[in-house]
Number of protein chains: 2
Amino acid sequence: MVNNESQQLTLIFSALSDPTRRAMLKRLSEKEVSFAELSEPFAMTKSAITKHLKVLENSGLMRRTIDGRTHYCRLNPAPLEKAAEWVTFYQKFWQKKLDGLDAFLNESTHKSSE
Amino acid sequence: MVNNESQQLTLIFSALSDPTRRAMLKRLSEKEVSFAELSEPFAMTKSAITKHLKVLENSGLMRRTIDGRTHYCRLNPAPLEKAAEWVTFYQKFWQKKLDGLDAFLNESTHKSSE
DNA sequence: TTTATAGTACACCATATGGTAAACAATGAA
DNA sequence: TTCATTGTTTACCATATGGTGTACTATAAA
């Protein structure tokens, strides 16, 4: 089904598909940092950083607070939960099948809608 | 760090970032299917299906067995585990911080390398 | 007020992505 | 052997993506 949840998964997985953005999320998991601090480890222009931040923000994984001319970025882990749900569902589902517990299919409501 | 594991995460998350491929994985989680069966629900050409399958195969999420002219596709859930690890690490990490258990940082070895 | 700093916007570029159409290869069936 | 079927390859297209450089806005500091 192509619904909002699917679109959200697309945004989240797309955001996670870039190593720079994954590294940014790592830093954000440690503490809230400014644009300048966040961009420091990356050998790219401010424009490129701005773009990555937009992708992260658009996926919901990052939130921003502006104080004067400083933009503070922080992780918003909620969307990660959606991604985790999706991934672990298929992972566990398949594992059960490998274990020969095909009844799992009927027992568990098929939560994931796509 | 831009290592093999990072590249693998990039391939996995990229593969998962497309709704058609997620739908394909859903079908594959239920049973092994042929190319024709797998492509049946999708309104696109065989060429497009071929491309999607290549992406899935390249990420390691799908395996193929050829029998005559029929290609049988099946889910390989192992890479999903890597993705799940990555996602749940940051998710749980952050949750602990929200719970005020900052000691989590020092207690747990920081498994994820990027 | 002038100057420096933090970050954005815009135009541009090369490559990747998701799709098509048409031709092809390989196998199976008549 | 001829024909149908399964899937791939290739060329092509439009748009997205990840990067650059330059100009800009907004705030802070001299």
Next item on the list: Hey, could you check the range B:3-47 for residues that are free of Cβ contacts under 8 Å to residues at least 12 places away in the same chain and open to solvent by less than 40 Å² (accessible area, probe 1.4 Å) and say which is nearest to B:T65 (Cα to Cα)?
Entry: B:S39
Margin query: Checking the structure you have, find out if any residue of the range A:62-72 is under 15 Å from A:A15 (Cβ atoms), open to solvent by 10 Å² or more (accessible area, probe 1.4 Å) and more than 13 Å from chain B (Cβ to nearest Cβ).
Written below: yes
Next item on the list: Using the structure shown, decide if A:N58 is within 14 Å of chain B (Cβ to nearest Cβ), over 22 Å from B:E5 (Cβ atoms) and near DNA strand D (Cβ under 10 Å from one of its atoms).
Entry: yes
Notebook entry, point to check: Could we say that B:F13 is in contact with a helix residue (DSSP H, G or I) (Cβ under 9 Å, 6 or more places away or on another chain) and either of a type outside the set (A, V, I, L, M, F, W, C) or within 15 Å of DNA strand C (Cβ to nearest atom) (or both) here?
Noted result: yes
Next item on the list: Check B:E57, B:E5, B:E40 and return the single one that is over 26 Å from A:D18 (Cβ atoms) and not basic (K, R).
Entry: B:E40
Margin query: Of everything in the range B:4-38, what is more than 18 Å from B:A78 (Cβ to Cβ) and out of contact with any Leu (no Cβ under 9 Å at 6 or more places or on another chain)? Give them in sequence order.
Written below: B:D18, B:T20, B:A23, B:K31, B:V33, B:S34, B:A36, B:E37
Notebook entry, point to check: How do the helices (runs of 4 or more DSSP H) wholly within the range B:1-76 filter down when requiring 1 or more residues that are closer than 17 Å to A:Q91 by Cβ: which remain?
Noted result: B:4-16, B:19-30, B:46-59
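The values are calculated or read from the model by the stated rules, or taken from the named source; none is laboratory data. As the structure is a prediction and not an experimental result, all values here were calculated from the model. Virtual Cβ from ideal backbone geometry, glycine too; neighbours counted across all protein chains shown. Note: areas computed on protein heavy atoms with side chains; ligands, DNA, RNA excluded. Shrake-Rupley method; radii C 1.70, N 1.55, O 1.52, S 1.80 Å.
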